[in-house]
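Notes to accompany the following structure.
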Amino acid sequence: MLGMKTKKVAIVGASGYSGEVLVQLLLNHPHANLVAVTSRQHAGQTLAQVFPKFASHPKTKTLRFTEPNAEVLAKQADVVFLALPHGVAAEYAVPLLAAGRIVIDLSADFRLKSAAVYKEFYAHDHPAPDLLKKSVYGLPEIYRAQIKKSLLIASPGCYPTSILLPLIPLLKAGLVKPTGIIADSLSGVSGAGRKAEVDYLFCECNESVRPYGVPKHRHLSEIEEQLSLAAKSPVVIQFTPHLIPVNRGILTTLYLEPAEKLTEEKISACYQKFYGDETFVRLLEGKSLPDTKNVQGTNVIEIAWRLDSRTNRLIVMSAEDNLVKGASGQAVQSLNILCGFPETAGLV
């Protein structure tokens, strides 16, 4: 564990939605000093010019966007966040790691252990297959001990976070069957990234709800890999994502088959054992159900469950902010763990 001195941090690809939230979190982080932000399209502009909402922070007047250059970043920062598209992130991760820097990658490049599975889901060869063995999947509540010792953190996708955190405890405890799992997820439009595509224009999204990525969304690769590890057997699930007309937030509903006679108390005990002490997991007992409104702008995931005696299914629901717990907040949580900062630093 490193000492509690300030770490110099940089963000590559700081102008996207996840990059913007990272900027916000790191500007206000008590132990992080944001020293570099990169963006090809905004190079030369100050943070305040690109993100006027942060202009009251003194640093935003002087910190300017630069062209991304791994060699320069390695000299400037101790920790580099990569908020880049998959396939591009690896190009920066390789030289940064070689220079001994810590890399926290928000793309999909290092989430999988198999280069073949990566190629199947992302339709191109993995750019740095040798690094897949070294990366740690950055789900803090599950892999805290491994994150502490890693130089390469693969931060999970937003949908996977909303499915894995509610499901892993149940599979590990053997309370639900690893077969026949159905996941229905609804995501805000920011999940598609900051880009000008017809599908995401206001007139196309507003007053509209639609499924997409059916039947084989890219995130299935990491979801199934992580669930298989939890269940200690291969897990294949049915997953349907939907686009809903909100800016941010993901609501997921899981339909599960109990492996034994379940009671509300048994499920509650399982979750309490796993997450009872977790700051960023809110277990909803009683009548409450997850609501994206209650997690927006926070690093919290809400989880609730109901046993349906009529269908003999367990229904588990979760809500998170796709840009915070589903992306940048979770990445900062990993930063805190591996640097020995309080895990809540910059996040509450």
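Bear in mind that the values in this text are calculations on the coordinates, not laboratory data. Since we're looking at a predicted model, the values are computed, not measured. Cβ placement follows ideal geometry from the backbone for every residue including glycine, while neighbour counts extend to all protein chains displayed.
Can you pull out every residue in segment 171-204 that is assigned to a loop (DSSP other than H, G, I, E, B), touching a helix residue (DSSP H, G or I) at 6+ places or on another chain (Cβ under 8 Å) and under 30 Å from K273 (Cβ atoms)? Break it down into steps so the answer makes sense when it comes.
Step one: of segment 171-204, the residues assigned to a loop (DSSP other than H, G, I, E, B) are 173-175, 177-181, 188, 193-197, 201.
In the following step, the residues that additionally are touching a helix residue (DSSP H, G or I) at 6+ places or on another chain (Cβ under 8 Å) were identified as 173, 175, 178, 181, 188, 193-194.
Those that are assigned to a loop (DSSP other than H, G, I, E, B), touching a helix residue (DSSP H, G or I) at 6+ places or on another chain (Cβ under 8 Å) and under 30 Å from K273 (Cβ atoms): A173, L175, P178, I181.
Here is a list: A304, A319, A345, A327. Which entry is surrounded by 24 or more Cβ atoms within 10 Å (Cβ to Cβ) and either within 13 Å of I104 (Cβ to Cβ) or more than 15 Å from the chain's Cα centre (by Cα) (or both)?
On the way: A304 fails: surrounded by 24 or more Cβ atoms within 10 Å (Cβ to Cβ); A319 fails: either within 13 Å of I104 (Cβ to Cβ) or more than 15 Å from the chain's Cα centre (by Cα) (or both); A345 fails: surrounded by 24 or more Cβ atoms within 10 Å (Cβ to Cβ).
One residue alone meets the criteria, A327.
Just to be sure before I move on: is D130 loosely packed, with under 15 Cβ neighbours inside 10 Å and not in a loop (DSSP other than H, G, I, E, B) in the structure I sent? Steps first, please.
Working: loosely packed, with under 15 Cβ neighbours inside 10 Å: yes; not in a loop (DSSP other than H, G, I, E, B): yes.
Considered against the rule, which asks whether it is loosely packed, with under 15 Cβ neighbours inside 10 Å and not in a loop (DSSP other than H, G, I, E, B), D130 comes out as yes.
Select from segment 33-63 the residues that are surrounded by 13 or more Cβ atoms within 10 Å (Cβ to Cβ), among the polar types (S, T, N, Q) and touching a helix residue (DSSP H, G or I) at 6+ places or on another chain (Cβ under 9 Å) and write down the one among them that is nearest to K7 (Cα to Cα).
N33
Looking at segment 297-348, which of its residues are among the hydroxyl-bearing types (S, T, Y) and either without any contact (Cβ under 8 Å) to a residue 12 or more places away in the chain or assigned to a helix (DSSP H, G or I) (or both)?
Going residue by residue through segment 297-348, those that are among the hydroxyl-bearing types (S, T, Y) are 298, 309, 311, 318, 328, 334, 344.
Of everything in segment 297-348, those that are among the hydroxyl-bearing types (S, T, Y) and either without any contact (Cβ under 8 Å) to a residue 12 or more places away in the chain or assigned to a helix (DSSP H, G or I) (or both) turn out to be S309, T311, S328, S334.
Checking G249 against (1) under 29 Å from A123 (Cα atoms); (2) more than 18 Å from the chain's Cα centre (by Cα): exactly one of these is not met. Which one?
For G249, the failing item is (2).
Any idea which residue in segment 200-210 is nearest to the chain's Cα centre (by Cα), counting only those that are surrounded by 13 or more Cβ atoms within 10 Å (Cβ to Cβ) and not hydroxyl-bearing (S, T, Y)?
Step one: list which residues in segment 200-210 are surrounded by 13 or more Cβ atoms within 10 Å (Cβ to Cβ), which gives 200, 204-205.
Checking the rest, the ones that are also not hydroxyl-bearing (S, T, Y) come to 204-205.
Details: E204: 26, C205: 23 Å.
Among those residues, the one meeting the criterion is C205.
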